[in-house]
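In what follows, a single structure is set out as C-alpha cells and then discussed.
The values are calculated or read from the model by the stated rules, or taken from the named source; none is laboratory data. The model shown is predicted, which means the values in this text are computed figures rather than measured ones. When we count neighbours, we look across all protein chains shown, and the Cβ atoms used for this are built from the backbone with ideal geometry, even at glycine. Surface areas here come from the heavy atoms of the whole protein model, side chains and all, with no ligands, DNA or RNA. Shrake-Rupley method; radii C 1.70, N 1.55, O 1.52, S 1.80 Å.
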Amino acid sequence: MSTRNKLQKFAEILQMRNVYENFDPKNPKLVGEGGQIVERKGQWAKAHFGNDNPITLELACGRGEYTVDLARQYPDRNFIGVDIKGARIWKGANIAQDEGLDNAAFLRTRIEIIATFFAKGEVDEIWITFPDPFLKKGKENRRLTAARYLKQYRHILKEDGIVHLKTDSRDLYEWTQETFAQQPAIKVLYHDHDIYSKPLYIPELSTETYYEKLHKGLGKTITYTQFSFVPGVDIIGGKGIPGFEI
C-alpha cells in the first residue's frame with residue numbers, strides 16, 4: 001500500500017463515527033469523529049452504542065473480520081475491534097458502516113494500555129485473533145498472552161469474562177499453554193491444537209480472518225484456547241508501560 005493511500009485512509013478514519021483513536025501512551029486521550037476529544041471509559045455501551053448490551057473486544061483485529069462477522073450474528077451484543085494499524089481498521093469500519101452494523105466499532109490504540117479506555121469490569125468477552133506471535137528470543141513479553149497483557153484483560157473483564165485465543169502459530173499456542181500452567185490466576189476452559197479436525201467447539205470459530213484463510217491455504221493448522229481468570233488470585237509477573245500498570 002502506498003503512503004498516499006495510507007494517509008487518505010487515516011484522514012477518512014477521523015471522519016467515521018464508529019472509529020476512535022489514541023496511539024500516544026504519554027497523552028492517553030481518545031479522539032472520535034471529526035477529531036473531537038471524547039470520553040468513553042465506563043460509558044461505551046450507552047455513549048457510543050446507545051444501549052446496555054454486553055461488550056466483546058477483538059484484539060489485534062486487523063481488518064476486523066471477527067468484529068464485523070460477530071456483529072452480524074449477534075445484533076443484541078456490542079463489538080469493538082482494537083488494533084494499532086489504522087489502514088487495516090479502515091477496512092472493517094467501512095464494511096460495518098456500509099452494512100449498517102451499529103453494534104460494531106473500532107479503537108486504534110496499543111493493546112498494552114487498553115485498560116486506559118475501559119472501566120474495570122466493563123467488558124464481557126475478548127477475542128485475540130491471529131496476533132503477531134513475536135517468536136524471536138527476548139520478545140516473549142510482547143505476546144498477547146504474556147502477563148503484562150493478562151493484567152490488562154483481567155482489569156477490564158467482568159469476573160466471569162472469557163478470553164479466546166485463535167492462532168495458526170503452534171509455537172504461540174504451546175508457549176501459552178506452558179505459561180498458563182505456571183499462572184494460578186488462569187483457568188484454561190478448553191484448548192485444541194487443530195480445531196478443524198473435529199466439529200467446532202463453538203460456532204464463533206467458523207468465522208475466518210484474512211490471515212486464517214491465507215495460513216490454511218499453506219496447510220497450517222488452526223489452534224484455539226479459551227480461558228478465564230480465577231477470582232482473588234494475582235497474575236504473576238508482567239511489567240507494563242510506566243504509568244499504565246494494573
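Would you check if Ile186 is in contact with an Asp or Glu (Cβ under 6 Å, 6 or more places away or on another chain) and open to solvent by less than 60 Å² (accessible area, probe 1.4 Å)?
For Ile186, the condition - in contact with an Asp or Glu (Cβ under 6 Å, 6 or more places away or on another chain) and open to solvent by less than 60 Å² (accessible area, probe 1.4 Å) - is not met.
Starting from region 58-82, keep only residues that are on the phi > 0 side of the Ramachandran plot, then list their pairs with residues that are in a loop (DSSP other than H, G, I, E, B) whose Cβ atoms are within a distance under 8 Å, requiring at least 6 positions of separation or different chains.
Matching pairs, first to second residue: Ala60/Phe130; Ala60/Pro131; Ala60/Asp132; Ala60/Leu144; Gly62/Lys85; Gly62/Phe130; Gly62/Thr209.
Restricting to region 65-80, name every residue that is buried (at least 24 other Cβ atoms within 10 Å of the Cβ), within 14 Å of Gln97 (Cα to Cα) and of a type outside the set (A, V, I, L, M).
Thr67, Phe79
Restricting to region 47-64, and then to whatever is open to solvent by 10 Å² or more (accessible area, probe 1.4 Å) and not in a loop (DSSP other than H, G, I, E, B), can you tell me which residue is nearest to Thr109 (Cα to Cα)?
Among those that are open to solvent by 10 Å² or more (accessible area, probe 1.4 Å) and not in a loop (DSSP other than H, G, I, E, B), it is His48.
If I filter region 39-59 for residues that are farther than 24 Å from Gly161 by Cβ and either modelled with pLDDT of 85 or more or in contact with a Lys or Arg (Cβ under 7 Å, 6 or more places away or on another chain) (or both), do I get at least one hit?
no
Just to be sure I understand, how many residues within region 31-51 are more than 17 Å from Glu122 (Cα to Cα) and either of a type outside the set (Asp, Glu) or free of Cβ contacts under 8 Å to residues at least 12 places away in the same chain (or both)?
Going through region 31-51 one residue at a time, the tally reaches 7.
Does region 16-33 contain any residue that is among the basic types (Lys, Arg), modelled with pLDDT under 85 and touching a helix residue (DSSP H, G or I) at 6+ places or on another chain (Cβ under 9 Å)?
No, region 16-33 contains no residue that is among the basic types (Lys, Arg), modelled with pLDDT under 85 and touching a helix residue (DSSP H, G or I) at 6+ places or on another chain (Cβ under 9 Å).
Just to be sure, is Lys166 open to solvent by less than 60 Å² (accessible area, probe 1.4 Å), at pLDDT 95 or above and among the basic types (Lys, Arg)?
Answer is yes for this residue.
Is it the case that some residue within region 34-50 is within 15 Å of Gly86 (Cβ to Cβ) and out of contact with any Asp or Glu (no Cβ under 8 Å at 6 or more places or on another chain)?
The answer is yes; a qualifying residue exists.
Filter region 189-215 down to residues that are charged (D, E, K, R) and free of Cβ contacts under 8 Å to residues at least 40 places away in the same chain and give me whichever is most open to solvent (accessible area, probe 1.4 Å).
Only one residue fits best here, namely Lys213.
Which of the residues that make up region 1-30 are touching a residue at least 60 places away in the same chain (Cβ under 8 Å), exposed (fewer than 12 other Cβ atoms within 10 Å of the Cβ) and in a helix (DSSP H, G or I)?
Asn5
Could you run through region 198-238 and say how many residues are closer than 16 Å to Ala181 by Cβ and hydrophobic (A, V, I, L, M, F, W, C)?
Here the count works out to 6.
How many of the residues making up region 164-201 are farther than 23 Å from Leu214 by Cβ, of a type outside the set (A, V, I, L, M, F, W, C) and assigned to a loop (DSSP other than H, G, I, E, B)?
Total satisfying the criteria: 4.
When you scan region 102-118, do you find a residue that is out of contact with any Leu (no Cβ under 6 Å at 6 or more places or on another chain), surrounded by fewer than 20 Cβ atoms within 10 Å (Cβ to Cβ) and at pLDDT 95 or above, even just one?
yes
Inspect region 136-144 for any residue being buried (at least 17 other Cβ atoms within 10 Å of the Cβ), farther than 21 Å from Lys85 by Cα and at pLDDT 95 or above and give the result as yes or no.
Within region 136-144, none of the residues are buried (at least 17 other Cβ atoms within 10 Å of the Cβ), farther than 21 Å from Lys85 by Cα and at pLDDT 95 or above.
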